[in-house]
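I have placed the structure first, in the form of structure tokens, so that the comments after it can refer back to it.
The values are calculated or read from the model by the stated rules, or taken from the named source; none is laboratory data. The model shown is predicted, which means the values in this text are computed figures rather than measured ones. A quick note on method: Cβ atoms are made from the backbone with ideal geometry, for glycine too, and the neighbour counts reach across all protein chains shown. Surface areas here come from the heavy atoms of the whole protein model, side chains and all, with no ligands, DNA or RNA. Shrake-Rupley method; radii C 1.70, N 1.55, O 1.52, S 1.80 Å.
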Amino acid sequence: MRAELQPGSAPARRMSFTSSPAFVYVLVSPLFLILLAYVIYPLWETFVASVHIDGETTWKNYVRFFSLEHTANLEALWTSIYISVLSVISCGIVGVTMAFLLERYEFPGRKILSVLALVPMALPPLIGVLSFTFLYGESGIFPRAFKELFGLAQVPFSLKGIWGVVVVHTFTMYTYFFMTASAAIKGLDPSLEEAAASLGAGRFTVWRRVILPMLTPALVASSLLVFMISMASYTAPLIFGIDRTMTMQIYLSRTNGDLDMAAAQSTILSIVSVAFLLLMRWYQGARNYQNQSKGVSVHRTEIKSKTGRYISIVLAFIGIVILMLPILVLVLISFSVDGTWTVQILPPKYTVDHYLDLFTDKKTWRPIMNSLELSAIATIGIVLFGVAAAYAMVRLRFRGKTLLDVLIMLPWALPGTVVAVNLIAAFSEPTVFSFNQVLIGTFWIIPLAYFVRHLPLVFRSTSATLMQMDPSVEEAARNLGATWWYSFRRVVFPMAFGGILAGTLLAFVQCIGEFVASILIFTPRTTPLSVAIFQKMYSFEFGTACAYGVLQIVVIIIVLFVSRKLTGDKAGTAV
Amino acid sequence: MSSVTLDHVHKRFGKAKGVEDVHIHIESGEFFTFLGPSGCGKTTTLRMIAGFYYPTEGRISFGSQDVTMLPPNKRNTGMVFQNYALFPHMTVFENIAFGLQVRKMAKADIKERVERIMKLVRLDGYGERRIDQLSGGQQQRVALARALVIEPQILLLDEPLSNLDAKLREETRYEIKRLQMELGITTIYVTHDQAEAMSMSDRIMVMNSGVVQQIGTPHEIYHRPVNRFVASFIGETNLWEATVTGIEGQNVYVQVTPDISLCGSLQQASPQVRLAVGEKVALSIRPEAVRESAGADGENVVRGTVALAEFTGACVNYVTSVGPHQLRSMFINEGSAVKQPGEAISLHIPKNSIYFAG
């Protein structure tokens, strides 16, 4: 649907035109237009809806939000911040500790653990939360097992409330800290430590004065990221029943029909998110330590003492079990007969019917088909936009470049709930941008939401590859007589292909797993997979829900594996 | 083959100036070099000829054709980039064939032309190799072959040797010169290495911070530099400040320090220098022109102590302290004993080797 707006093909036929200074703007203006239409305009419409009530302009929703009499909203804001801060702290501790252990020490099980450490990334948000409630929730396997084992009247512990949310956040988001810290530790030039040591610094001083300061940028960046994602988190509060968070308040205001209040809440949450986005950009620009020397050798300390080895084996084993359990429990429950698992520790009856149904029963297959279709359409848009935007950002010089960069990252900072509310505000009436159609309640609104939410993915992977690519390679092609379009097709595109494909696959799986925006805008005819899982859960069809979930995970793992291969050992820069 | 004319070309980047008023005519078949330190505007000028930048002012023409605003793909120039810019996703053959494919040449002709050029640059048999399987020198030759196979009007070389090690650089230098002479192609060569420029070029244009300093043959540039910059940038030289004390016929007398006075020739002066009694001038004295003097007195003889002696095999270099100044000198090694630091030495500066650089 956005294909006709894609630049590149139109000016190709007129070669002399491609070299004129105006050509740059021909290429970038569709990008600005798309962002204006589907990001800025919906944001603006939401704001308008929050202040324009019954024909008059009023700030009463904002007054109500911050009033000290009805504190529900302020409480929600406070709870969101509180949860986010706790999440940052616990993710930081878990992620950095794991990064250090896995990067700096050699112990049995290290390799397998470092692969499994990324498992939480393969879990779509909804699936992660569900598996945790199955395992550790009030009627979860572990609490019940302990109750039976010790003959207690009540379950001894269970995951619930705010702490439930924080634990789930920790499990699903520590990977951000883990990955950035691992990369930073890997990138630490050993010669720096050696230099410090040769200058007489002891082990502690080396840590305090060299290693930690070098890691600070990575840690601050991940803290901001985790904080932002926690603020946007919707699924965990929903499942653990924490109503007083910003995202839940928006959802509740909408379901209660208080649309203008939902718009006001959305606007406030947007402002917080955008502030964090800008903070992150500023910080990343201000602090950046690049590794100076080229060949960095890994040096891991081997754990030699006997007790040390035993302890490390036990800890590694526990780590592996914790990481694997969410997936294992989903697999287990996916074989259970729907409606039979009530008060037992484990599901009593098993069947393979759910998997057969996935591909044979038309009604069960429908959401899978929907998701594939919706995601494919969205991904096409994301790729066309992302490649054009990345090329423009890396290779072209034009006014408004920083603005374009911020605008592209904006949808990524916006919580899914907000994206959905914005789109509803903008496209429940015919507009120019929707070709005079009402999009709400149609098939098209969901791919549009996916497009907006995951738009930066291909952009980022492609611009990363393009940045590594020497611009003179393209110039060489031009010098040899190739037109702009010919050199893009034969040189730029093939060289960036690995990056483009990796981003594309990532965008596709993100779309397949999308739940937060879908739940607000789906229609019965276009129910996507994740919403179907949610519905099955509520009608106690655990088996079917988990079979869906396992399917999602399998797809995601395959895609992650393929894209890692593509970006890892591609035939990139030979120069 | 084609001549190249730059007619008062200026290039500004926003407010920053890139190149100012370059006005040159390069003959068909000439080997012409842009020489200067990094940031002097030589690459900017080359890129305007290639069409990657358009001049802010002025015109560029190839022969009689005005190409000022022609896009790069329409210019038929062959360019070798500093880092070669080979297409990493293509084989050696595909890289070289690229320009011919763009020109929609028949497959058989492409094969024939590519194979011929590969023989010429001594890469026959390497067609199916990937770029990352080649050494630096081989990559360099692929880049050269790719630029030459399209039979360009003009060959543009942007510091093509800077990524090679010293030995290979010298070999490739002869190789490029051989190809250029064999093909008789107009060649524009950009470098910051004066030795490269001197040994290969028909003419050299010396640039500094965007401004052309001098255009001339290597001989002219070396022996008659127009200013201090050119004198010191090309080869080694001693630059001494002095005051003119008298002019008699062809002789110019200058005072360097109260103890050192020298006599030079009126002929040996840059056109930019004003020779009159009382004027301050800069003297350029090439180290290899300085001779060891048998006696301690005489015209243009200076006495000093050896501060540094360097034995390089082919020659002996001395840095001699002469009063507050230092004088570098270079003698062909004829087997005599090398003086040690601290030893006294008398040096003769021949009258005609003193150049008034202004």
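On inspection, B:Ala344 fails the criterion of being under 25 Å from the mean Cα position of the chain (by Cα) and hydrophobic (A, V, I, L, M, F, W, C).
Assess whether A:Ala502 counts as being touching a Lys or Arg at 6+ places or on another chain (Cβ under 9 Å) and at pLDDT below 85. It is true that A:Ala502 is touching a Lys or Arg at 6+ places or on another chain (Cβ under 9 Å) and at pLDDT below 85.
Residue-by-condition table, conditions (1) part of a loop (DSSP other than H, G, I, E, B); (2) more than 14 Å from every other protein chain (Cβ to nearest Cβ):
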{"position": "B:Met79", "(1), (2)": "no, no"}
{"position": "B:Gln82", "(1), (2)": "yes, no"}
{"position": "B:Ala85", "(1), (2)": "yes, no"}
{"position": "B:Asn95", "(1), (2)": "no, no"}
{"position": "B:Leu100", "(1), (2)": "no, no"}
{"position": "B:Glu115", "(1), (2)": "no, yes"}
{"position": "B:Arg122", "(1), (2)": "yes, yes"}
{"position": "B:Gln140", "(1), (2)": "no, no"}
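Yes or no: B:Pro160 closer than 24 Å to B:Val9 by Cα and either open to solvent by less than 10 Å² (accessible area, probe 1.4 Å) or not assigned by TED's automatic domain parsing to the domain that holds B:Glu30 (or both)? Judged against the criteria, B:Pro160 is not a match.
When B:Ser284, B:Ser265 are checked against the criterion of being within 28 Å of B:Glu343 (Cα to Cα) and polar (S, T, N, Q), B:Ser284 stands alone in meeting it. For the stretch A:280-316, a residue qualifies if it is at pLDDT 55 or above, open to solvent by 90 Å² or more (accessible area, probe 1.4 Å) and within 32 Å of the chain's Cα centre (by Cα), and the qualifying residues are A:Trp282, A:Gln284, A:Leu315. On inspection, A:Gln552 fails the criterion of being in contact with a Lys or Arg (Cβ under 8 Å, 6 or more places away or on another chain), more than 14 Å from every other protein chain (Cβ to nearest Cβ) and surrounded by 20 or more Cβ atoms within 10 Å (Cβ to Cβ).
Could you please tell me which pairs satisfy a Cβ distance under 8 Å, a separation of 6+ or placement on different chains, a first residue in the stretch A:119-140 that is outside the structural domain of A:Lys160 (by TED's automatic domain parsing), and a second residue that is open to solvent by 10 Å² or more (accessible area, probe 1.4 Å) and hydroxyl-bearing (Ser, Thr, Tyr)? Matching pairs, first to second residue: none at all. Which of the residues that make up the stretch A:121-146 are surrounded by 18 or more Cβ atoms within 10 Å (Cβ to Cβ) and not hydrophobic (A, V, I, L, M, F, W, C)? Answer for the stretch A:121-146, where residues must be surrounded by 18 or more Cβ atoms within 10 Å (Cβ to Cβ) and not hydrophobic (A, V, I, L, M, F, W, C): A:Pro124, A:Pro125, A:Gly128, A:Ser131, A:Thr133, A:Tyr136, A:Gly137, A:Gly140, A:Pro143, A:Arg144.
Take the conditions (1) polar (S, T, N, Q); (2) assigned to a loop (DSSP other than H, G, I, E, B); (3) touching a strand residue (DSSP E or B) at 6+ places or on another chain (Cβ under 6 Å); B:Gln267 misses just one of them, which is (3).
If I filter the stretch B:124-138 down to residues being under 32 Å from the mean Cα position of the chain (by Cα) and away from chain A (no Cβ under 13 Å), which single residue comes out as surrounded by the most Cβ atoms within 10 Å (Cβ to Cβ)? Here the residue is B:Gly137. Against the criterion of being out of contact with any Lys or Arg (no Cβ under 6 Å at 6 or more places or on another chain), within 16 Å of B:Ile215 (Cα to Cα) and open to solvent by 10 Å² or more (accessible area, probe 1.4 Å), B:Pro71 does not qualify.
Within the stretch A:59-68, the set of residues being in contact with a strand residue (DSSP E or B) (Cβ under 9 Å, 6 or more places away or on another chain) and open to solvent by 30 Å² or more (accessible area, probe 1.4 Å) comprises just one member, A:Lys60.
Against the test of being closer than 20 Å to A:Ile318 by Cα and in contact with a helix residue (DSSP H, G or I) (Cβ under 7 Å, 6 or more places away or on another chain), the options A:Ser80, A:Ser87, A:Ser131 yield a single qualifying residue, A:Ser131. Residues that are away from chain A (no Cβ under 12 Å), of a type outside the set (A, V, I, L, M), in contact with a strand residue (DSSP E or B) (Cβ under 9 Å, 6 or more places away or on another chain) and free of Cβ contacts under 8 Å to residues at least 40 places away in the same chain do not occur anywhere in the stretch B:163-171. Of the residues making up the stretch B:56-70, at least one is out of contact with any Asp or Glu (no Cβ under 8 Å at 6 or more places or on another chain) and at the interface with chain A (Cβ under 9 Å from one of its Cβ atoms).
Give the residues of the stretch A:233-257 that are part of a loop (DSSP other than H, G, I, E, B), open to solvent by 10 Å² or more (accessible area, probe 1.4 Å) and touching a Ser or Thr at 6+ places or on another chain (Cβ under 8 Å), sorted by residue number. Of everything in the stretch A:233-257, those that are part of a loop (DSSP other than H, G, I, E, B), open to solvent by 10 Å² or more (accessible area, probe 1.4 Å) and touching a Ser or Thr at 6+ places or on another chain (Cβ under 8 Å) turn out to be A:Ser233, A:Ile242, A:Arg244. The set of residues in the stretch B:18-47 being in a strand (DSSP E or B) and crowded, with 16+ Cβ neighbours inside 10 Å consists of B:Gly18, B:Val19, B:Glu20, B:Val22, B:Ile24, B:Ile26, B:Phe31, B:Phe32, B:Thr33, B:Phe34, B:Leu35. Of the residues making up the stretch A:478-497, those that are in a helix (DSSP H, G or I), under 22 Å from A:Phe23 (Cα atoms) and within 7 Å of chain B (Cβ to nearest Cβ) number 4. When B:Leu308, B:Leu275 are checked against the criterion of being in the same structural domain as B:Glu248 (by TED's automatic domain parsing), open to solvent by 60 Å² or more (accessible area, probe 1.4 Å) and touching a Phe, Trp or Tyr at 6+ places or on another chain (Cβ under 8 Å), B:Leu308 stands alone in meeting it. Inside the stretch B:191-227, can you point out the residues that are of a type in the set (A, V, I, L, M, F, W, C) and more than 18 Å from B:Glu27 (Cβ to Cβ)? Hits for the stretch B:191-227 are B:Ala195, B:Met198, B:Val206, B:Met207, B:Val211, B:Val226. Being in a helix (DSSP H, G or I), among the aliphatic types (A, V, I, L, M) and open to solvent by 10 Å² or more (accessible area, probe 1.4 Å) is a property that holds for A:Ala425.
Here B:Met205 passes the criteria (1) outside the structural domain of B:Asn352 (by TED's automatic domain parsing); (2) open to solvent by 40 Å² or more (accessible area, probe 1.4 Å); (3) in contact with a Ser or Thr (Cβ under 9 Å, 6 or more places away or on another chain) except the one numbered (2).
Here the condition is being assigned to a loop (DSSP other than H, G, I, E, B) and β-branched (Val, Ile, Thr); of B:Val273, B:Val306, it holds for B:Val273 alone.
Scanning the stretch B:86-109 for residues that are open to solvent by 60 Å² or more (accessible area, probe 1.4 Å), at pLDDT below 90 and within 25 Å of A:Gly498 (Cβ to Cβ) yields a count of 2.
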